[in-house]
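Undergrad: Sharing a structure here in structure tokens format.
The values are calculated or read from the model by the stated rules, or taken from the named source; none is laboratory data. What you see is a predicted model; the values in this text were computed from it and never measured. Cβ placement follows ideal geometry from the backbone for every residue including glycine, while neighbour counts extend to all protein chains displayed. In case anyone asks, the SASA skips ligands and DNA or RNA and just uses the protein heavy atoms, side chains included. Shrake-Rupley method; radii C 1.70, N 1.55, O 1.52, S 1.80 Å.
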Amino acid sequence: MIVTGTRQSGVKAADSAAPIQVVGREALKTVGQPDLISALRQILPSFNAQAFGNDTSQLTLAAALRGLSPNDTLVLVNGKRRHTTSNLAVDSGSPYTGSAAADLSFIPAAAIDHVEVLQDGAAAQYGSDAIAGVVNIILKTSDHDGAIVLTGGEYYEGDGATGSWSVNKGLSLGGRGFLNLTAEETYHDFSRQGTCDARIFTQSCQVLPNLSSDPIANAIDEAGIPHATGFPRLNGEFGDPQYNTYKLFYNSGYDLGDRLQFYSFGSYGHRNASAYQNYRVPGKVIVEGDSVASSVVPFPDGFDPRDAIKEDDYSIIGGLRGQVATWNVDLATTYGDDRDRVFTLDSGNLDYLKSFGFTPINFYDGAFETSEWTNNLDISRDFTVGLAMPLNFAFGGEARRDTFGIVAGDVASSYGAGAQALPGFTASDQGSHSRTNYSAYVDLAADPITGLHVDAAGRYEHYSDFGDTEVGKLTARYDFNSKIAVRGTISTGFRAPTLAEEYYSATAVSPSFAAVQLPANSPAAALAGFASLKPEKSTNYSVGFIAHPVERMQIAFDAYRIDIRDRIVNSGFLQGSVCSAPTNGPCAANALTVISPGVNAAIAAHGNVLDSGLSYTGISIFSNAANTRTRGVEATADYASDFGDLGHVDWSVGFNYNETAVTKRTPLPPAVTNLAAAQTEILTPNALSALTTATPREKTILGALYVRRKWTVNLRETIYGPSSEIVSTDGTGNSYPGNPATELRIPVTAVTDLDIGYKLTRSVKLDIGADNLFDHRPPTVPTLANGKLADGLHVFDEPDQFSPFGIDGGYYYGKVTLDF
């Protein structure tokens, strides 16, 4: 039975009028990485997950349905809206840029009974964020069962060591209710991909001569670099972060009598995580004197800074549901909060060092926090009106308050140009923002004649910052007989920009780049010619069929189209200045080229001070950059075969084809346009390819679960279609003399996952297995004739970062499960 996509009770997934896939608890157990995102990516063909991110987005990876933004997928827990993360992804050139959705990694698989995934627009039923669909996580309700699960594994290369334990236990509340508790901890170590740093080494890993034009800095570099940890493989930018995550969940219900139940569930999560940034040479942070001996060098061997977060995430939900007179009533309040304290570790601040004669090593950069307080009232009742089935009438309302804020860091983190890698948040970044939202909906579901089911829903929303909107949805299904049925939907939708998209502000610095993320709704953005954000609006169409051609087989097929107007996208990297002859010292005045005075003016108006020795400086900004059209098909087939004493096999096939095209682009404001530098579009070629081609159009999952007595073998083959992204050395993807564009391509790749289990006793089960059994990896970024990497980054043999199956290759694991 499902509860997602319908207000009726007693509906089976196979009878749904909209496409819904159900992932059971047993399926979640057959995945090696102890992480909900990894599990859903391996099971659902339309579900794609970020495998690698830059800066702090690497510490909170995102996932999405149907190739759209993660913000277009609504996450529910037990049917209630899950709060979002405060860690906004601002990766320019990533399919997941702009993500500030619910963080699935804080939901332990051990707490989950099953997951219902509605692959259809549902804004009229559930409100904002449901343009692509809904992921509804249903928690366990057992009042007695318990399980302990221990997992350990690592990548084939011997890095990325992972350990996890979880405990789940159900308790009875005096025979009138239940309390189900889950605790989980997961540790994951760094991994590292790529070889030597192209700024420092030849491709054969020989140190380059004359790393700096400054003789003192050059001498310091030559003396220190060979003694750096890991020499010559110094740069750890490409790889998994290190993290330790703790998760606590509870789910409870208590019968109050008279068909009324009090329920409550909630969670607490804590994460310590850090990710390496680019290695800095010893001479990058020095106070220059008359000789090497009189120079202050806090990092004689250079340094590899890390971005880090300490994150606290919690939620609590309480409600009453039952029958009042003849009506089904559900009244609930939900509060969720996510707070990230951000740090730059093992780094230095050159300007602070020059001013005060020393520099801190670790910096507190500040914090960002988001919260959601949601109150819901849902009322429904069946009416007998002479139709084939009773008419279900449902209505209700929601009131929600959202907040987002940034807190400035310590003085040393942002002094001058700030700490290397990630300067701290400043007073110009700091701020607290909030909005309120009120909505009401009505839903009618009926079977006018035998075999025909029709569901109509309408919703009214009022936002304190965007005003009013109305959306609707019409769904129908007709069963010709017990073997075949057709279904279809048409709906309108909307998504209000997240407060983070409107107000997030930060500066990211690499050895050659400085990118300022301007708040979309800020005076600095207006100075550059950008308007404040407005909501996305969408129209969704789908049509399909369900078939049961033979016993124990089900086939589902759905074609869909999603038109999104005023889609919110992070711009490409919009350049302000370029240094044609960069060194470790300041850029020479005659080598500095101003690409856009408007960009530079916006950076200055926002209060940023950037290192003058960088090759490229510029901005990124969220805007309503385009209209898009997404078209695709989803098909699944399941068959259960029984071979008697030889065992039982569940066969499954899942296929998703998904193509996104840009149908209209918003013009780039004249204040930041430069025809000669090919800076003419908000969506640079790099950003455009991230939106349209970086996610594979095709994804096929072939599965076979074999069960024979004490043995289980789960074999899964995931075939990813080709994907591509356009890059260039300046980060834009534009091509002009001295800056060639390169198309990075990942070919069709088949990834094999295998899990073998054996029950030692009725209570103890052992599993061994491998994800990406045959160690497939994405291609590496090519090196240009001038010795630079095609994407402007710095590590030879660095993997294509947009790989849908990760960058680390094969992972093997072992697992012990104790049921009690």
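Undergrad: Just one of (1) part of a loop (DSSP other than H, G, I, E, B); (2) over 30 Å from Ser464 (Cα atoms) trips up Ala427, so point out which.
TA: (2)
Undergrad: Looking at the range 675-692, can you tell me whether even one residue there is outside any strand (DSSP E or B), without any contact (Cβ under 8 Å) to a residue 24 or more places away in the chain and polar (S, T, N, Q)?
TA: yes
Undergrad: Which ones in the range 159-175 are outside any strand (DSSP E or B), loosely packed, with under 15 Cβ neighbours inside 10 Å and at pLDDT 95 or above?
TA: Passing the criteria: only Leu173.
Undergrad: In addition: If a residue must be assigned to a strand (DSSP E or B) and surrounded by 15 or more Cβ atoms within 10 Å (Cβ to Cβ), how many such residues does the range 325-350 contain?
TA: Total meeting the criteria: 17.
Undergrad: So which residues in the range 437-464 are under 24 Å from Leu377 (Cα atoms) and in a loop (DSSP other than H, G, I, E, B), if there are any at all?
TA: Within the range 437-464, Ser464 is the sole residue that qualifies.
Undergrad: Do we have any residue at all in the range 264-286 that's without any contact (Cβ under 8 Å) to a residue 60 or more places away in the chain, open to solvent by less than 20 Å² (accessible area, probe 1.4 Å) and of a type in the set (Ser, Thr, Tyr)?
TA: Yes, because at least one residue in the range 264-286 is without any contact (Cβ under 8 Å) to a residue 60 or more places away in the chain, open to solvent by less than 20 Å² (accessible area, probe 1.4 Å) and of a type in the set (Ser, Thr, Tyr).
Undergrad: Taking Tyr560, is it touching a residue at least 24 places away in the same chain (Cβ under 8 Å) and crowded, with 22+ Cβ neighbours inside 10 Å?
TA: When the stated conditions are applied, Tyr560 passes them.
Undergrad: Next question. Quick one: count up the residues across the range 753-782 that are farther than 30 Å from Asn734 by Cβ, of a type outside the set (D, E, K, R) and under 23 Å from the mean Cα position of the chain (by Cα).
TA: 2
Undergrad: Out of all the residues in the range 192-199, is one or more in contact (Cβ under 8 Å) with a residue 60 or more places away in the chain, in a strand (DSSP E or B) and more than 19 Å from Tyr243 (Cα to Cα)?
TA: Yes, the range 192-199 contains at least one residue that is in contact (Cβ under 8 Å) with a residue 60 or more places away in the chain, in a strand (DSSP E or B) and more than 19 Å from Tyr243 (Cα to Cα).
Undergrad: Same structure again: So how many residues does the range 490-505 have that are at pLDDT 95 or above and either out of contact with any Phe, Trp or Tyr (no Cβ under 9 Å at 6 or more places or on another chain) or among the polar types (S, T, N, Q) (or both)?
TA: Of the residues in the range 490-505, 2 are at pLDDT 95 or above and either out of contact with any Phe, Trp or Tyr (no Cβ under 9 Å at 6 or more places or on another chain) or among the polar types (S, T, N, Q) (or both).
Undergrad: Could you list all residues from the range 511-557 that are part of a strand (DSSP E or B), open to solvent by less than 50 Å² (accessible area, probe 1.4 Å) and among the polar types (S, T, N, Q)?
TA: Gln517, Ser538, Thr539, Asn540, Ser542, listed by residue number.
Undergrad: Got a number for residues in the range 2-48 being part of a loop (DSSP other than H, G, I, E, B) and at negative phi?
TA: Total satisfying the criteria: 21.
Undergrad: Working only within the range 762-788, note down all residues that are over 30 Å from Gly194 (Cα atoms) and at pLDDT below 95.
TA: Passing the criteria: only Arg762.
Undergrad: Does Asp35 meet the test of being of a type in the set (Asp, Glu), modelled with pLDDT of 90 or more, buried (at least 21 other Cβ atoms within 10 Å of the Cβ) and more than 29 Å from Asp479 (Cβ to Cβ)?
TA: It is false that Asp35 is of a type in the set (Asp, Glu), modelled with pLDDT of 90 or more, buried (at least 21 other Cβ atoms within 10 Å of the Cβ) and more than 29 Å from Asp479 (Cβ to Cβ).
Undergrad: Among the residues in the range 623-632, are any among the hydrophobic types (A, V, I, L, M, F, W, C) and in contact with a Gly (Cβ under 7 Å, 6 or more places away or on another chain)?
TA: No, there is no match, as no residue in the range 623-632 is among the hydrophobic types (A, V, I, L, M, F, W, C) and in contact with a Gly (Cβ under 7 Å, 6 or more places away or on another chain).
Undergrad: What tally of residues in the range 481-504 results from selecting those that are open to solvent by 30 Å² or more (accessible area, probe 1.4 Å), in a strand (DSSP E or B) and out of contact with any Ser or Thr (no Cβ under 9 Å at 6 or more places or on another chain)?
TA: Final tally of qualifying residues: 2.
Undergrad: To continue, here is another question. Is it the case that Asp301 is closer than 30 Å to Ile112 by Cα and either open to solvent by less than 60 Å² (accessible area, probe 1.4 Å) or more than 36 Å from the chain's Cα centre (by Cα) (or both)?
TA: No; evaluated as a whole, the condition is false for this residue.
Undergrad: Taking the stated definitions as given, is Val672 of a type in the set (A, V, I, L, M, F, W, C), over 20 Å from Ala559 (Cα atoms), open to solvent by 60 Å² or more (accessible area, probe 1.4 Å) and modelled with pLDDT under 95?
TA: No.
Undergrad: Take the residues in the range 725-758 that are touching a helix residue (DSSP H, G or I) at 6+ places or on another chain (Cβ under 9 Å) and of a type in the set (Asp, Glu), then tell me which one is surrounded by the most Cβ atoms within 10 Å (Cβ to Cβ).
TA: The qualifying residue surrounded by the most Cβ atoms within 10 Å (Cβ to Cβ) is Glu725.
Undergrad: Against the definition (surrounded by fewer than 23 Cβ atoms within 10 Å (Cβ to Cβ) and among the small types (Gly, Ala, Ser)), how does Ser464 come out, yes or no?
TA: yes
Undergrad: Given the options Phe47, Phe52, name the one that is touching a residue at least 60 places away in the same chain (Cβ under 8 Å), aromatic (Phe, Trp, Tyr) and open to solvent by 10 Å² or more (accessible area, probe 1.4 Å).
TA: Phe52 is the lone residue from the list that is touching a residue at least 60 places away in the same chain (Cβ under 8 Å), aromatic (Phe, Trp, Tyr) and open to solvent by 10 Å² or more (accessible area, probe 1.4 Å).
Undergrad: I need a count of the residues in the range 764-790 that are open to solvent by less than 20 Å² (accessible area, probe 1.4 Å) and of a type in the set (D, E, K, R).
TA: The total comes to 2.
Undergrad: Look through the range 185-236, keep the residues that are aromatic (Phe, Trp, Tyr), open to solvent by 20 Å² or more (accessible area, probe 1.4 Å) and out of contact with any Asp or Glu (no Cβ under 7 Å at 6 or more places or on another chain), and return whichever of them is farthest from Val149 (Cα to Cα).
TA: For the range 185-236, the residue satisfying everything is Phe231.
Undergrad: Give just the number: which of (1) in a loop (DSSP other than H, G, I, E, B); (2) within 23 Å of Leu88 (Cα to Cα); (3) not charged (D, E, K, R) does Thr507 not satisfy?
TA: Tallying (1) in a loop (DSSP other than H, G, I, E, B); (2) within 23 Å of Leu88 (Cα to Cα); (3) not charged (D, E, K, R), Thr507 fails exactly one: (1).
Undergrad: Six or more apart or on different chains, Cβ atoms under 7 Å: show the pairs whose first residue is in the range 335-352 and under 30 Å from Ile317 (Cα atoms) and whose second is of a type in the set (Lys, Arg) and part of a strand (DSSP E or B).
TA: From residues that are under 30 Å from Ile317 (Cα atoms), the pairs are Arg341/Lys310.
Undergrad: Quick check on my filter: what residues within the range 102-114 are assigned to a helix (DSSP H, G or I) and not hydroxyl-bearing (Ser, Thr, Tyr)?
TA: Across the range 102-114, the qualifying residues are Leu104, Phe106, Ala109, Ala110, Ala111.
Undergrad: Does Thr359 fit the bill of being open to solvent by less than 30 Å² (accessible area, probe 1.4 Å), β-branched (Val, Ile, Thr) and over 30 Å from Ala457 (Cα atoms)?
TA: yes
Yes/no per residue for (1) surrounded by fewer than 24 Cβ atoms within 10 Å (Cβ to Cβ); (2) part of a loop (DSSP other than H, G, I, E, B):
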position: Ser86; (1), (2): no, yes
position: Ala100; (1), (2): no, yes
position: Glu116; (1), (2): yes, no
position: Gly121; (1), (2): no, yes
position: Gln125; (1), (2): no, no
position: Ile131; (1), (2): no, yes
position: Ile138; (1), (2): yes, no
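Undergrad: Pairs under 9 Å by beta carbon, first residue free of Cβ contacts under 8 Å to residues at least 24 places away in the same chain in the range 462-479, partner surrounded by fewer than 19 Cβ atoms within 10 Å (Cβ to Cβ) and of a type in the set (A, V, I, L, M), six or more apart or different chains?
TA: Within 9 Å, the pairs are Leu474/Val454; Leu474/Ala456; Leu474/Ile490.
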